[in-house]
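The values are calculated or read from the model by the stated rules, or taken from the named source; none is laboratory data. These figures come from a predicted structure and were not determined experimentally. In this analysis, Cβ positions are derived from the backbone assuming ideal geometry, glycine residues included, and neighbour counts consider all displayed protein chains.
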Amino acid sequence: MSNSVPKARRYLLGIETSCDDTGVAILDDEGKVLANELLSQIDAHQVFNGVVPEIASRKHFETIHTLLDRALESAGLSWGDLSAVACTIGPGLIGSLLVGVCTGKAVACALGIPFIPVNHLIGHIFSNALTHPELAPPFIVLLVSGGHTDLYAVVSYEDLRHLGGTLDDAAGEAFDKGARILGLPYPGGPSVSKAAETGDPHSVRFPLPLKKQGTMDFSFSGLKTALLYHMKKHPDSSVSDAAASYQEAITDILVEKTFLAGRQTGYRKLVFAGGVSANRALREKARSRAAKWGYTVFFPRVEDCMDNAAMIARAGWHALWSGAVHQPKATVDSSLTIEKTQAVTKGSGSSKA
Ligand SMILES: [Fe+2]
């Protein structure tokens, strides 16, 4: 398989099926998003208060072909115009990942074009590049979602250094568990955020685990327990006030640690990525502190914070133009980490993804 992409056919297909959103996107050779189709399965999972893996993979299987057709149609392209396929291979739900990877490989094989595996977490970092094409390393990134709360120093896109991460629950998980305690619907992030709009963020003083310590690690399980005890002790207290105070505590810790990473590394660009980066309180707090302390903060557009295929295509686009080649043997890895991806990259003896 040739690494060079014919000039007249530089359109990259992105596929994302790691969890409960089916995504198909198409980028042109300047990284412009021509199509970004997304089908959320939230209605199917909401009744279970969380994602059911078997339902998720079946839904991906039922919808991915329709999304492929829709993406080609909205981009005004046909199958023969595609020049590469970038696809999430992990981390995520194994059955869901398999649907995307099998589809991506089938497309790449049928068209004789490169299959480029993408780490979903690196895709989230690239969601910022969709909105801020000028953004370039070095920078700090806080990856914050339902499954991850990790700080990295991005020296280059091929050299990410882990600075700290959660010791127990991820921030998104803390929002989900908090929502359950407060009797709010799944997913917890948006529902806690909505309830918090009419609440007083200073009405309840929740603990801020590890906030003032020099570590860049996080801990949220004690906070969730504190919310549980508060609601048990004060069953008639305002849900909005509790939600606002709980959100205040989570976002305080996230902002504190991200700026600590900036201070300790000397990096002045702070990037937020992942589902929780859509949180309005987090954005306002980070922006206000950045303005005061002379940092620049970057957030993806709210719609790009969630899982989507445009960010996967954008990560694949970077890998492809950095020299990545057809990788037909790349396979799904439900527990794929950034470190594993980097080890594979370095093991290949080149900068190729
Ligand atoms: Fe994600």
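When you check Val192 against the structure, is it buried (at least 22 other Cβ atoms within 10 Å of the Cβ), β-branched (Val, Ile, Thr) and modelled with pLDDT of 95 or more, yes or no? Yes.
Being touching a strand residue (DSSP E or B) at 6+ places or on another chain (Cβ under 7 Å), in a helix (DSSP H, G or I) and away from the ligand (no atom under 16 Å from the Cβ) is a description that does not apply to Ser83. From the list Val107, Val155, the one residue that fits, being in a strand (DSSP E or B) and at pLDDT 95 or above, is Val155. Quick check on Ala108: is it in contact with a strand residue (DSSP E or B) (Cβ under 7 Å, 6 or more places away or on another chain), closer than 24 Å to Val239 by Cβ and either in contact (Cβ under 8 Å) with a residue 60 or more places away in the chain or not assigned by TED's automatic domain parsing to the domain that holds Gln247 (or both)? Considered against the rule, which asks whether it is in contact with a strand residue (DSSP E or B) (Cβ under 7 Å, 6 or more places away or on another chain), closer than 24 Å to Val239 by Cβ and either in contact (Cβ under 8 Å) with a residue 60 or more places away in the chain or not assigned by TED's automatic domain parsing to the domain that holds Gln247 (or both), Ala108 comes out as no.
Look at segment 41-64: where a residue is not assigned by TED's automatic domain parsing to the domain that holds Ala179 and surrounded by 17 or more Cβ atoms within 10 Å (Cβ to Cβ) and a partner is of a type in the set (S, T, N, Q) and not in a loop (DSSP other than H, G, I, E, B), sitting 6+ places away or on another chain with Cβ atoms under 6 Å, you get Ala56/Ser96; Ser57/Ser96; His60/Thr22; His60/Ser96; Thr63/Thr22; Ile64/Thr22; Ile64/Thr103.
So in segment 100-150, with the set limited to residues that are in contact with a Pro (Cβ under 9 Å, 6 or more places away or on another chain) and among the polar types (S, T, N, Q), which one is nearest to the ligand (Cβ to nearest atom)? Step by step, filter segment 100-150, then rank; the result is Ser127. Applying the criterion of being within 18 Å of Asp176 (Cβ to Cβ) and not aliphatic (A, V, I, L, M) to the residues of segment 247-262, the residue that is farthest from the chain's Cα centre (by Cα) is Glu248. Taking first residues from segment 292-309 that are in a helix (DSSP H, G or I) and partners that are within 12 Å of the ligand (Cβ to nearest atom) and not small (Gly, Ala, Ser), the Cβ contacts under 7 Å between residues at least 6 apart in sequence or on separate chains come to Asp304/Met311; Ala309/Glu16.
Output yes when any residue across segment 265-280 is among the β-branched types (Val, Ile, Thr), assigned to a helix (DSSP H, G or I), buried (at least 24 other Cβ atoms within 10 Å of the Cβ) and outside the structural domain of Gly14 (by TED's automatic domain parsing), and no when none is. Can you show your working first?
Here is the first cut: in segment 265-280, the residues among the β-branched types (Val, Ile, Thr) are 265, 271, 276.
Right, trim to assigned to a helix (DSSP H, G or I) and you get 265, 276.
Imposing the further condition that a residue be buried (at least 24 other Cβ atoms within 10 Å of the Cβ) reduces the set to 276.
Keeping just the survivors that are outside the structural domain of Gly14 (by TED's automatic domain parsing) gives 276.
There is at least one residue in segment 265-280 that is among the β-branched types (Val, Ile, Thr), assigned to a helix (DSSP H, G or I), buried (at least 24 other Cβ atoms within 10 Å of the Cβ) and outside the structural domain of Gly14 (by TED's automatic domain parsing).
The rows are residues; the columns are (1) under 14 Å from Leu143 (Cα atoms); (2) within 13 Å of the ligand (Cβ to nearest atom).
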{"residue": "Tyr267", "(1), (2)": "no, no"}
{"residue": "Leu270", "(1), (2)": "yes, no"}
{"residue": "Ala273", "(1), (2)": "yes, yes"}
{"residue": "Ser277", "(1), (2)": "yes, yes"}
{"residue": "Lys285", "(1), (2)": "no, no"}
{"residue": "Tyr295", "(1), (2)": "no, no"}
{"residue": "Asp307", "(1), (2)": "yes, yes"}
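Here is a yes/no grid of residues against (1) more than 23 Å from the chain's Cα centre (by Cα); (2) at pLDDT 95 or above:
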{"position": "Phe218", "(1), (2)": "no, yes"}
{"position": "Ser245", "(1), (2)": "yes, yes"}
{"position": "Gln264", "(1), (2)": "yes, yes"}
{"position": "Leu270", "(1), (2)": "no, yes"}
{"position": "Ala278", "(1), (2)": "no, yes"}
{"position": "Thr296", "(1), (2)": "no, yes"}
{"position": "Ala324", "(1), (2)": "no, no"}
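Go through (1) surrounded by 19 or more Cβ atoms within 10 Å (Cβ to Cβ); (2) on the phi < 0 side of the Ramachandran plot; (3) at pLDDT 95 or above and name the single condition Arg289 misses. In the conditions (1) surrounded by 19 or more Cβ atoms within 10 Å (Cβ to Cβ); (2) on the phi < 0 side of the Ramachandran plot; (3) at pLDDT 95 or above, Arg289 misses (1) alone.
For segment 70-93, a residue qualifies if it is among the aliphatic types (A, V, I, L, M) and within 17 Å of the chain's Cα centre (by Cα), and the qualifying residues are Ala86, Ile89, Leu93.
Conditions (1) closer than 24 Å to His124 by Cβ; (2) among the basic types (Lys, Arg), marked per residue:
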position	(1), (2)
Glu37	yes, no
Arg58	no, yes
Glu62	no, no
Asp69	no, no
Leu77	no, no
Cys87	yes, no
Gly92	yes, no
